[in-house]
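Below is one structure; the comments refer to it alone.
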Amino acid sequence: YETKVGFKYLGPKMIETKGLIGGEESGGYAFRGHLPERDGVLAALYFLDFMARTGKRPSELLAALYARVGPHYYDRVDIEMPRAEKDDVQRRVAAARPESVAGVRVIDQDATDGFRFNLENGGWLLLRFSGTEPLLRIYTEVPDRALVPALLKAGRDLAGLPERETGS
C-alpha cells in the first residue's frame, strides 16, 4: 500500500491491513506487533539480528537484495519555495503530462502525495511540497545510477525553477 508521507497516514494503514512492515523516505520503519510508528532502535536490532543469523556484512546483504530485486538508485533535492511562487509551481506541475522525462517514457502519473511520474524502467520521479518546511522536494529512484542527476534536473525543469537548492 502507498499512503501520503508520514506515519500519521502509514500507521493507521498498517493497523487496517495488519501490515508486517511500513516505512517512509526519511528512513523510518514500523513493525507489526509494535507501535505503528517509526522506531529506529527496533529497526537496528532487527538488522543486527539478521546480520548475526546470516553471518553477512551489510554490503553483502545489500548485494543479495540487489541480486534478488535488481539495483536501484535514489536521490533528492530540496528547493526553497517562497509562498509567492508555490501556487504557480503547483499549477505548472499538476498540468504537466510529459511523454518522457530525461529520455525515459512516463507510463502513468500519481497524485497521492505530490506529483509522481512512474517510468517505463520501473523508476519514478516525484515532486512534492514539504508539509513542514517552505520547500519543494524532488525525488527520484531508478535502476540506473546515471539517470539520477538527469531526472532531478527534469523535475526542476517541470517545475520551471532555476538552480538554487538548499541541500539534499
Run the reach check for residue 86 against lysines, Cα to Cα strictly under 30 Å, same-chain hits fewer than 8 apart removed. What comes back?
4, 8, 13, 153
Restricting segment 79-115 to trypsin sites (Lys or Arg not before Pro) in coil, as DSSP defines it, with at most 14 other Cβ within 10 Å
none
Using the Kyte-Doolittle scale, find the helices of the chain whose mean hydropathy is at least 0.5 and whose Cα atoms extend 20 Å or more along the helix's long axis, counting only whole DSSP H runs.
40-54
Among 88, 78, 49, the residue with the largest mean-square fluctuation in a Gaussian network model of the chain built from Cα contacts under 10 Å is 49
What accessible area per residue, rounded to a whole number of Å², is obtained for the chain using a probe radius of 1.4 Å?
62
Along each of the three principal axes of the Cα atoms of the chain, give the extent in whole Å, ordering the values from largest to smallest.
50, 33, 29
List the GluC sites (Glu not before Pro) within segment 1-108 that fall in a DSSP loop (any state other than H, G, I, E or B) and whose Cβ has at most 16 other Cβ atoms within 10 Å.
2, 24, 25, 37, 99
Residue-averaged 222 nm ellipticity for the chain, from DSSP H runs of 4+ at -39500 (n - 2.57), nearest 500:
-12000 deg cm²/dmol
By how many nm would the segment from residue 118 to residue 26 lengthen if fully extended, with 0.36 nm per residue of separation less the alpha-carbon distance?
31.1 nm
If you build a Gaussian network model of the chain, linking Cα atoms that sit under 10 Å apart, which residue out of 101, 77, 41 swings the most?
41
For segment 97-168, what is the convex hull volume of the alpha-carbon atoms per residue, in Å³?
93
At a 1.4 Å probe, what is the % contribution of carbon and sulfur to the accessible area of the chain?
54
Most mobile listed residue (100, 130, 59) in the chain, GNM with C-alpha springs under 10 Å
59
Separation of alpha-carbon centers, segment 96-168 and segment 31-62, rounded to whole Å:
30
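The values are calculated or read from the model by the stated rules, or taken from the named source; none is laboratory data. This structure is a prediction, so every number in the text was calculated from the model and none was measured. Quick reminder, even Gly has a Cβ in these numbers, built from the backbone with ideal geometry, and neighbours come from all protein chains shown. For the accessible areas, the whole protein counts, side chains as well, though only heavy atoms, and no ligand, DNA or RNA atoms are used. Shrake-Rupley method; radii C 1.70, N 1.55, O 1.52, S 1.80 Å.
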